[in-house]
Amino acid sequence: MSIAAGKRLGPYEIIALLGAGGMGEVYRARDPRLNREVAVKVLPASFANDPGRLRRFEQEAHATSALNHPNILAIHDVGTNEGAPYVVSELLEGESLRERLERGPLTPRKTIDYAIQIANGLSAAHERGIVHRDLKPDNLFITKDERVKILDFGLAKLIERFDPNVPQTDIETRKVQTDPGTVIGTVGYMSPEQVLGKHVDHRSDIFSFGAVLYEMLAGQRPFRRDTAAETMTAILREDPPQLGTAERPLPPALDRIVRRCLEKEPARRFQSALDLAFALDEVGSTTQPSGVAPARMSRVPWLVAAAFAVIAAIALWAPERATRPAPPPLMRLSVDLGPDAMPDPLITAAISPDGTRLVFPFRGSDGKRLLATRLLDQPKVVPLAGTEGGVQPFFSPDGQSIGFFADDNKLKRVSIQGGTPVALCDAFIARGASWGDDGSIVAALNNGAGLSRVPAEGGQPQALTKLDEGEITHRWPQVLPGSKAVLFTAHAPTINSFEYASIDVQSLETGKRKTLWRGGYFGRYLPTAGSRGHLVYIHQGVLFGVPFDPARLEIEG
C-alpha cells in the first residue's frame with residue numbers, strides 16, 4: 001500500500017510516490033534536518049521476517065554508503081517502518097539506461113563515455129570486496145548532467161537467501177519488464193558461473209558489464225533468446241552476433257574489449273574493472289569512427305579540455321617575458337569554432353605561443369576528422385591536409401610547426417602552412433606531448449612506460465622518465481622554459497581517480513624527479529604578472545593555481 005504524502009518514515013517526510021516494483025516502492029521525501037530532498041525505497045515487509053537476511057542487507061547498505069564514489073548511488077541511511085525496511089539515498093534526476101536504450105543504440109563515443117564511468121564505479125566497489133551481481137541497464141541511471149550512477153549495490157545479495165545446499169539458479173531473483181517467455185529478468189546479464197550456480201567474484205560483474213556494453217552498441221542483448229532456458233544455454237555455449245556494420249562502424253579495439261568481457265572463462269576476462277576502464281580510455285582517446293557524431297566527453301577528459309581552454313586564455317594576458325613593462329589588461333573571450341569542430345576525449349585544441357592561433361580537430365568535407373587552424377581574430381578555418389585522424393596537437397616554440405598523434409600510431413609534425421606531414425616515431429597511445437626550445441619533443445608514447453624524448457626532426461625515442469613501483473602512467477607533459485625540466489602527471493591504480501594523481505617534475509639535466517603536488521592532474525606552468533609564475537592544475541572540477549619558481553622547481557605558496 002502506498003504511503004500518503006505528508007506521512008513520516010522516521011525523520012523523512014514523504015512528498016510523492018516515484019515508482020513501484022518487485023523490490024518495493026520509491027518515494028521522493030524531504031529530510032528536514034539537512035533541508036534536502038532524498039529518495040526513500042521501502043522494501044517489502046517480508047524481508048523483516050528473516051533476521052539474518054535483514055542483517056546482511058543492513059551490512060551491505062552500510063558498506064555501500066562508505067564507497068562515496070561519484071558513479072555509485074550514495075546511500076544516506078537505513079531504517080524500518082512498521083516492520084518494513086527502507087533505504088534512504090540521494091535523489092537522482094534523469095533516466096535509467098534501460099529507458100535511454102528504448103530510443104535506440106548509443107554512438108561508440110557515448111558508449112565509451114558511459115562505460116568508463118560504470119567501470120570506475122565497479123572498480124571502487126570491488127576494491128572494498130563488494131560484488132554487484134545484478135548489473136544491467138535497469139540498475140544504471142543517467143543523470144541530467146550525463147553522470148552514470150550504479151544502483152542497488154548490496155540489494156543483489158539481499159535478494160538471495162543464502163543456503164549452501166540450494167543451487168544459485170534456484171534462488172529467487174527480481175523480475176523486470178522482459179520479453180515474452182522470459183521468466184527471470186536478470187538472466188540475460190548473468191555470467192556463466194552464475195548460470196551454473198558456481199561461486200562468483202568481481203569478474204562476474206565484468207561479464208555482466210560486457211553484456212551491457214554490447215547492448216549499448218547494438219541496441220539488443222548479446223544472448224537474447226525466446227526463453228530463459230535458451231538464453232542461459234547461449235550464455236554458456238555461444239558467442240554473441242558480430243558488432244559493427246558498414247552503416248554503423250565500430251572501432252575494432254572496442255569490439256575486442258566487448259569480446260574479452262564476455263569470455264566464458266573468468267580467467268580470460270579483464271581481471272579488474274580498473275584495467276577495463278583504462279582499456280576503454282585508450283580506445284576513446286584515439287578513435288572516432290567516420291560519420292559518427294561526437295558525444296559529450298566523460299567528466300575527467302572534459303575537465304582536462306576545459307582547463308586547457310582556461311589556461312590558454314590566461315596565457316593571452318600573461319607576460320611572456322620578465323622584461324615587459326606591464327601586463328596587458330585582463331581579457332575574457334569565447335571562441336566559437338563552428339559546427340564542424342570535433343571535441344576529442346582529451347585535449348581538443350592548442351594555442352600558439354604568441355596567443356594568436358588555434359589548432360583543433362575538425363570534420364572535413366568527407367566527414368573524416370583532421371586538424372585545422374584558425375586565427376583568433378578571423379573566422380576562417382583552414383584544414384591541414386595530411387593530418388587525417390590527428391589528435392592532441394601541440395605547437396613548436398616558434399609557432400611555425402604543429403606536432404600531433406596520428407591514427408596510424410605515429411607521432412608527426414606538419415608546417416603551419418600545410419604540406420606533407422613528417423613521421424617522427426612510433427606512438428601507440430596519445431597521452432600528450434610538448435615541444436621544447438632545445439629541439440626535442442617529450443611525449444607519452446607507450447602503455448606501461450614513462451615519458452620519452454625524441455628529436456623534433458625525428459629519430460629513435462629515448463626513455464626519459466621511469467614508472468615508480470605501483471605507477472601505471474605518466475602523461476600530459478610540459479617542457480618548462482629553457483628545456484631544463486618537464487612537468488607531468490603520474491598516477492597509480494590504488495585509487496581509480498586522477499583526483500589522487502600527483503604532479504611531478506623531472507630535471508632534464510640531472511634526471512632528478514620530485515613530486516610538486518598530490519591530489520591533482522594536468523599541471524601546467526604559466527608565467528604570470530608580478531611573480532615567477534604559477535603551477536595550475538585541476539582538482540575536483542576546480543582549476544587551482546599555486547606560485548611556482550621554474551628555476552628552483554619549487555612551489556612557493
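The values are calculated or read from the model by the stated rules, or taken from the named source; none is laboratory data. It should be emphasised that the depicted structure is a prediction, and the values quoted were computed from it without experimental measurement. Positions of Cβ are backbone-derived with ideal geometry, glycine not excepted, and every protein chain shown enters the neighbour counts. For the accessible areas, the whole protein counts, side chains as well, though only heavy atoms, and no ligand, DNA or RNA atoms are used. Shrake-Rupley method; radii C 1.70, N 1.55, O 1.52, S 1.80 Å.
Structural remarks
- Selection count, segment 19-71, where residues are assigned to a helix (DSSP H, G or I), of a type in the set (Ser, Thr, Tyr) and either under 23 Å from Ile130 (Cα atoms) or at pLDDT 85 or above (or both): 2
- Filtering segment 255-272 to residues that are crowded, with 17+ Cβ neighbours inside 10 Å, hydrophobic (A, V, I, L, M, F, W, C) and either at pLDDT below 90 or under 20 Å from Ala234 (Cβ atoms) (or both) leaves Val258, Cys261, Leu262.
- Whichever residue in segment 73-100 is open to solvent by 20 Å² or more (accessible area, probe 1.4 Å) and in a helix (DSSP H, G or I) and, among such residues, is nearest to Ile150 (Cα to Cα): Arg98
- Count of segment 336-384 residues, restricted to those that are open to solvent by 30 Å² or more (accessible area, probe 1.4 Å), at pLDDT 80 or above and under 21 Å from Leu526 (Cα atoms), is 6.
- Contact map, segment 518-543: residues that are within 10 Å of Ile503 (Cα to Cα) and in a loop (DSSP other than H, G, I, E, B) paired with residues that are of a type in the set (Ser, Thr, Tyr) and modelled with pLDDT under 85, Cβ distance under 8 Å, separation 6+ or inter-chain. Pairs shown: Gly519/Tyr500.
- Taking segment 199-221 as the range and being assigned to a loop (DSSP other than H, G, I, E, B) and either within 21 Å of Leu122 (Cα to Cα) or among the small types (Gly, Ala, Ser) (or both) as the test, the residues that pass are His199, Val200, Asp201, Gly219, Arg221.
- Only listed residue being crowded, with 22+ Cβ neighbours inside 10 Å and more than 24 Å from the chain's Cα centre (by Cα), chosen from Thr420, Thr387: Thr387
- Segment 75-102, residues that are at pLDDT 90 or above, more than 22 Å from the chain's Cα centre (by Cα) and among the hydrophobic types (A, V, I, L, M, F, W, C): Val88, Leu91
- Failed criterion for Leu101 (all others in (1) under 25 Å from Val40 (Cβ atoms); (2) in contact (Cβ under 8 Å) with a residue 12 or more places away in the chain hold): (1)
- If you go through segment 454-474 and keep only what is crowded, with 21+ Cβ neighbours inside 10 Å and either of a type in the set (D, E, K, R) or at pLDDT below 90 (or both), you end up with just Thr473.
- Near pairs, Cβ below 6 angstrom, 6+ apart or cross-chain, from segment 244-259 (under 18 Å from Asn409 (Cβ atoms) and free of Cβ contacts under 8 Å to residues at least 24 places away in the same chain) to any residue that is of a type in the set (Asp, Glu) and not in a loop (DSSP other than H, G, I, E, B): none
- Test: Phe162 is aromatic (Phe, Trp, Tyr), part of a loop (DSSP other than H, G, I, E, B), surrounded by fewer than 21 Cβ atoms within 10 Å (Cβ to Cβ) and at pLDDT below 90: yes
- Which listed residue, of Pro397, Pro393, is of a type outside the set (Ser, Thr, Tyr), part of a strand (DSSP E or B) and either closer than 24 Å to Leu464 by Cα or open to solvent by less than 20 Å² (accessible area, probe 1.4 Å) (or both): Pro393
- All conditions but one from (1) closer than 30 Å to Gly470 by Cβ; (2) modelled with pLDDT under 90; (3) surrounded by 21 or more Cβ atoms within 10 Å (Cβ to Cβ) apply to Phe209; the one that does not is (2).
- Taking the conditions (1) open to solvent by 10 Å² or more (accessible area, probe 1.4 Å); (2) of a type in the set (Val, Ile, Thr); (3) closer than 15 Å to Arg221 by Cα in turn, Thr245 satisfies each one other than (3).
- Segment 110-142, residues that are among the acidic types (Asp, Glu) and either in a strand (DSSP E or B) or open to solvent by less than 10 Å² (accessible area, probe 1.4 Å) (or both): Asp113
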